[in-house]
Structure formats: structure tokens, C-alpha cells
Amino acid sequence: MPTLMRRGAVATAVALVTALAAACAPGSSNDKPESKAPAAVSTDVAKAGNVTLTVWDQEVQGGLKEQIEKLNAQFQAKYPNVKINRVSRSFSDLQKTLRLALSGSNPPDVVEANQGYASMAQFVKAGMLLPMDSYDQVYGWKKRYPKGLLDLNSVTPDGKLIGSGNLYGVSLNGEIVGLYYNKEKLAKLGVQPPKTWAEFEQALATAKGKNEVPIAFGNLEKLPAMQLYGILQDGLTDKEAVRKLVFGSGGSWTDAPNVQAAQKLADWAKKGYFTKDSNSIKWDDTPVNFAKGQGVFMFGGTWWAPDLNDRMKEKVGFILPPAAQAGAPAATMGGESLPWSITAKSKHADVAAAYINFITSPAAMDVAVETGSLPVLAAPSKQPEAALMKEVSAAWAELSKNDGTTPYIDYTSPTFTDGFGGPLQELVAGKKSAEQVMKAAQDDYSAFQKKK
């Protein structure tokens with residue numbers, strides 16, 4: 001991956017953290033004592049004795065699964081005294097079960113804890129995750145990673161401020177949400193990959209007129225509609241306005257551009273541009289259905305790219321969401337993948353830290369490229385070979401260069417997936433208006449801000 005991409009990622013992350021820092025004043029009382037890392041840190045995994053390290057992850061698809069399987073095998077080969085007990089779950093299943101697992105008497109040692117106020121901040125507040133700063137002193141993550149990326153995985157002990165406080169995780173992959181398209185279907189429709197929203201909407205109308213499913217879409221878990229809404233929002237308002245809104249430093253969800261984004265989503269649903277009964281289709285089934293030919297376009301994250309590449313080969317393409325006008329810089333949500341964190345009750349914290357360091361090392365970035373994934377930092381010696389992964393890398397480079405990344409909107413509050421995602425389901429079903437949905441979003445947002 002070219003150096004330019006790494007520099008762009010720094011600018012993007014720093015801009016996000018700057019916006020976040022303005023959202024809250026530092027300093028507050030702890031609701032409970034902070035979990036503390038051991039004063040003495042050992043990096044000698046071989047002398048730790050026989051260890052079973054339980055790891056919970058959400059790397060269940062395609063290249064991401066292959067990536068972690070390879071890294072786990074390499075780690076165990078290097079340290080035969082360590083056995084990794086891997087528990088893999090889909091993203092949605094992990095979110096449903098992780099809190100209960102962390103609160104139990106025998107939690108996993110390493111987990112992927114999602115960033116934001118709904119997950120990582122809540123786990124930190126409850127004392128469920130171990131601060132990793134003392135391990136950084138020996139492994140040097142702050143020397144390897146841009147400060148902005150590590151800040152996005154940092155939380156104050158009271159869980160009230162993201163982007164400050166202690167480090168609670170390190171990420172392996174970069175990610176952005178973009179637009180996949182079926183090249184064969186576009187060719188049959190006589191349509192080129194869209195460069196503007198106007199071209200995209202014309203393509204959707206053409207696809208619908210030819211009895212194709214314009215957009216493959218499954219929204220059972222509510223988050224897909226939030227991501228699609230966020231993409232529409234990015235196309236209708238300034239990226240700084242989105243950042244401030246998500247991080248609580250300005251704006252309202254009922255501002256005109258935000259309502260317009262919801263109205264556009266409602267219009268697409270009414271015109272039949274989505275998969276039928278989309279609210280009953282699982283998120284992870286969407287790329288599977290798309291690969292089978294159900295849909296001309298599909299909005300989705302780069303985490304789906306390896307699997308789609310395996311299933312569709314040269315038939316699938318990837319671009320950033322269209323800009324408002326041709327030639328205008330694109331903006332879309334993204335950043336870095338779920339960070340790998342150490343649980344506060346782990347009996348093998350030193351080994352867990354060594355494991356996290358191993359799977360986020362420069363060599364691990366090469367493995368990410370080899371398995372068709374997008375590394376969060378520049379891979380030292382590997383370049384993507386598949387056409388789709390080259391397009392993903394080019395999109396990452398363009399977005400990073402233009403500081404075009406906006407945060408995932410589920411970061412907004414601990415309850416935003418239900419408070420906003422639920423009403424969005426009703427919007428897609430034609431049961432709520434854009435104004436009603438955005439009022440619900442603002443009500444949830446305001447209630448959370450008052451509690452902070």
C-alpha cells in the first residue's frame with residue numbers, strides 16, 4: 001500500500017479526534033475503580049507455561065476469516081505452549097453476547113470490542129476491559145500507529161469521552177463503506193459506474209425498469225439502514241457537520257440536510273429500489289445474495305470485499321459513493337476495524353498483549369494483503385493482486401488523501417441503534433415519515449447528552 005495512504009489515514013483520524021475532543025470537557029469522576037494493567041509486564045510468552053488463550057472475534061467471512069486463521073496458526077507455531085481457543089461470531093451476534101460474557105466469572109481473554117459509546121465506552125465504564133498503556137511501553141504501538149487511530153480506541157475511565165484517556169485496543173484492518181456493483185448487470189443495462197448521485201439515481205431507475213433489484217439490501221439488524229442513511233447524509237451535508245453531530249459538538253439530527261437524507265431513503269424504498277422485505281433479511285446474507293446475482297448495486301463495507309472477490313471474481317467492482325457533483329471529493333463513513341482488546345479478568349493478560357501485538361504487526365499487514373483484506377497501515381512488502389482489492393485500495397487512498405472519512409453514526413449514543421435504527425426500519429417499511437424518524441434520532445441524542 002503506498003505511503004500516501006498512510007499519511008492520509010493520519011489526517012483523517014486526527015480530524016475525527018479533533019471533532020470529538022470538542023464534544024466534551026475533560027475530567028470527570030469515575031463511577032467505579034478503573035481496571036489496571038499489571039505493574040510488571042512480561043513479553044516472554046515461551047516462559048508463560050501452557051496457556052489456553054480464549055479469543056472472541058467477528059472475522060467470519062472470506063478473507064477476514066482466512067486472515068485471522070493464518071495469524072493464529074503463525075502465533076501458535078511460534079509459541080507452541082499457547083493454544084488459541086477461538087470463538088467466532090457474526091458482528092451482530094457478538095454485540096448481543098459480549099457484555100454478558102465480559103460480566104461473567106470466566107470471560108474470554110481477548111475480544112473485538114466495537115468503538116463508540118454503545119460498546120467500548122460502556123465496557124470501560126463497567127471496568128470490563130484492561131487499559132493497554134503499560135503494554136504499549138514495551139510493544140510500541142504509539143510509535144507504529146498514527147496517534148489519531150489509537151485515539152479512536154482510547155476512552156476515559158468513566159466512559160464519557162472517546163479520543164482521550166487510556167488505550168483499550170489496537171486494530172488490524174482499515175475499512176470504508178462504499179458501493180459494490182455487478183459489472184455484468186451494468187453492461188447488460190448499458191449503464192456505466194455512476195460518478196454523481198444524479199447518475200446513480202438514473203441507474204437505479206433503469207435497473208428497476210428492467211426488472212432487476214437495484215440495491216441488494218438486508219436490514220434485519222437495523223445497522224444497515226443506518227449505514228445507508230449515513231452515506232446519503234454524507235452526500236447532502238458537510239463532513240465536518242456529520243463529525244460534530246455524531247460526537248456531540250454541534251448540530252441537530254432535525255437539521256434540513258439530515259431530514260433530506262431520510263426522505264431520500266424513504267423515496268428509494270417507495271420506488272422499490274431495495275430487496276423485497278429487506279427488514280427481514282440478515283445483514284450477512286446481503287453479500288451472499290448479491291454474489292448470487294440478486295442486485296445490481298450493494299452498499300457495504302470493505303470487510304466484504306475478500307468474500308465477494310472469491311465468489312464473483314471479475315464480475316464485481318467497487319467505487320466510493322458518488323459525489324454530489326462530478327469531480328467533487330467523495331465522503332463516506334469508515335476508519336479502522338474493531339480493535340482487539342484485553343478483558344479485565346483475563347488470567348493471561350501478558351500473553352493476550354503479545355498476541356494482539358503479533359496480529360497487528362507489520363508482518364500481519366502483509367498477511368492482510370495476502371488474504372485480500374485491507375490493512376489499516378501500509379503493508380511493508382505486499383500489494384493486492386485481485387482487481388477488486390486494487391479498487392478497494394485505490395478508494396482508501398483517495399478517501400484518505402481528501403480527509404473524506406466520517407464516523408459510523410451508531411457511535412452517537414449507547415442506544416442509537418434502537419433509537420434511530422428502529423425508526424429507520426419503519427421508514428423503509430413506509431410506516432414513518434422522514435420528519436418523525438429524525439425527531440426520534442434527536443430525542444435519543446439529546447437524552448444521552450444530558451446524561452454525560
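The values are calculated or read from the model by the stated rules, or taken from the named source; none is laboratory data. What you see is a predicted model, and the numbers here were worked out from it, not measured in a lab. Neighbour counts are summed over all protein chains in view; Cβ atoms, including those assigned to glycine, are modelled from backbone coordinates with ideal geometry. Just so you know, the surface numbers come from the protein's heavy atoms only, side chains and all, with ligands and any DNA or RNA stripped out. Shrake-Rupley method; radii C 1.70, N 1.55, O 1.52, S 1.80 Å.
Against the numbered list (1) crowded, with 24+ Cβ neighbours inside 10 Å; (2) part of a helix (DSSP H, G or I), Lys450 comes up short only at (1).
Mind checking whether some residue in the stretch 105-116 is in the same structural domain as Leu150 (by TED's automatic domain parsing), open to solvent by 30 Å² or more (accessible area, probe 1.4 Å) and of a type in the set (A, V, I, L, M)? Checking the stretch 105-116: not a single residue is in the same structural domain as Leu150 (by TED's automatic domain parsing), open to solvent by 30 Å² or more (accessible area, probe 1.4 Å) and of a type in the set (A, V, I, L, M). Quick one: in the stretch 384-412, of everything that is open to solvent by less than 10 Å² (accessible area, probe 1.4 Å) and outside any helix (DSSP H, G or I), which residue is nearest to Val155 (Cα to Cα)? Ranking the candidates gives Pro407 first. Between Arg89, Arg6, Arg99, the distinction of being outside the structural domain of Asp133 (by TED's automatic domain parsing) and either modelled with pLDDT under 95 or open to solvent by less than 20 Å² (accessible area, probe 1.4 Å) (or both) belongs to Arg6 only. Can you spot a residue in the stretch 147-165 that is at pLDDT 95 or above and touching a strand residue (DSSP E or B) at 6+ places or on another chain (Cβ under 7 Å)? Among the residues of the stretch 147-165, not one is at pLDDT 95 or above and touching a strand residue (DSSP E or B) at 6+ places or on another chain (Cβ under 7 Å), which makes the answer no. With respect to the conditions (1) within 19 Å of the chain's Cα centre (by Cα); (2) part of a strand (DSSP E or B), Gly317 falls short on a single one, namely (1). For Phe299, the conditions (1) in contact with a strand residue (DSSP E or B) (Cβ under 8 Å, 6 or more places away or on another chain); (2) more than 22 Å from Val242 (Cα to Cα); (3) at pLDDT 95 or above all hold with the exception of (2). The residue of the stretch 139-197 that is farthest from Ala291 (Cα to Cα), among those that are open to solvent by less than 20 Å² (accessible area, probe 1.4 Å), in contact with an Asp or Glu (Cβ under 9 Å, 6 or more places away or on another chain) and assigned to a helix (DSSP H, G or I), is Leu150. Scanning the stretch 93-138 for residues that are more than 18 Å from Leu150 (Cβ to Cβ) and among the polar types (S, T, N, Q) yields Gln95, Thr97, Ser103, Ser105, Asn106, Gln122. I need a count of the residues in the stretch 316-332 that are of a type outside the set (A, V, I, L, M, F, W, C) and surrounded by 19 or more Cβ atoms within 10 Å (Cβ to Cβ). Qualifying residue count, the stretch 316-332: 3. Confirm whether Gly372 is buried (at least 23 other Cβ atoms within 10 Å of the Cβ) and not in a helix (DSSP H, G or I). It is true that Gly372 is buried (at least 23 other Cβ atoms within 10 Å of the Cβ) and not in a helix (DSSP H, G or I).
Of everything listed in (1) open to solvent by 40 Å² or more (accessible area, probe 1.4 Å); (2) at pLDDT 95 or above; (3) of a type in the set (D, E, K, R), the single unmet condition for Asp444 is (1). Is it the case that the stretch 333-347 has a residue that's over 24 Å from Trp56 (Cα atoms) and surrounded by 21 or more Cβ atoms within 10 Å (Cβ to Cβ)? Looking through the stretch 333-347, at least one residue is over 24 Å from Trp56 (Cα atoms) and surrounded by 21 or more Cβ atoms within 10 Å (Cβ to Cβ). The set of residues in the stretch 348-368 being of a type in the set (A, V, I, L, M, F, W, C) and open to solvent by 20 Å² or more (accessible area, probe 1.4 Å) consists of Phe358, Ala363. Criterion first (among the polar types (S, T, N, Q), open to solvent by 50 Å² or more (accessible area, probe 1.4 Å) and on the phi < 0 side of the Ramachandran plot) does Gln202 satisfy it? Yes; evaluated as a whole, the condition is true for this residue.
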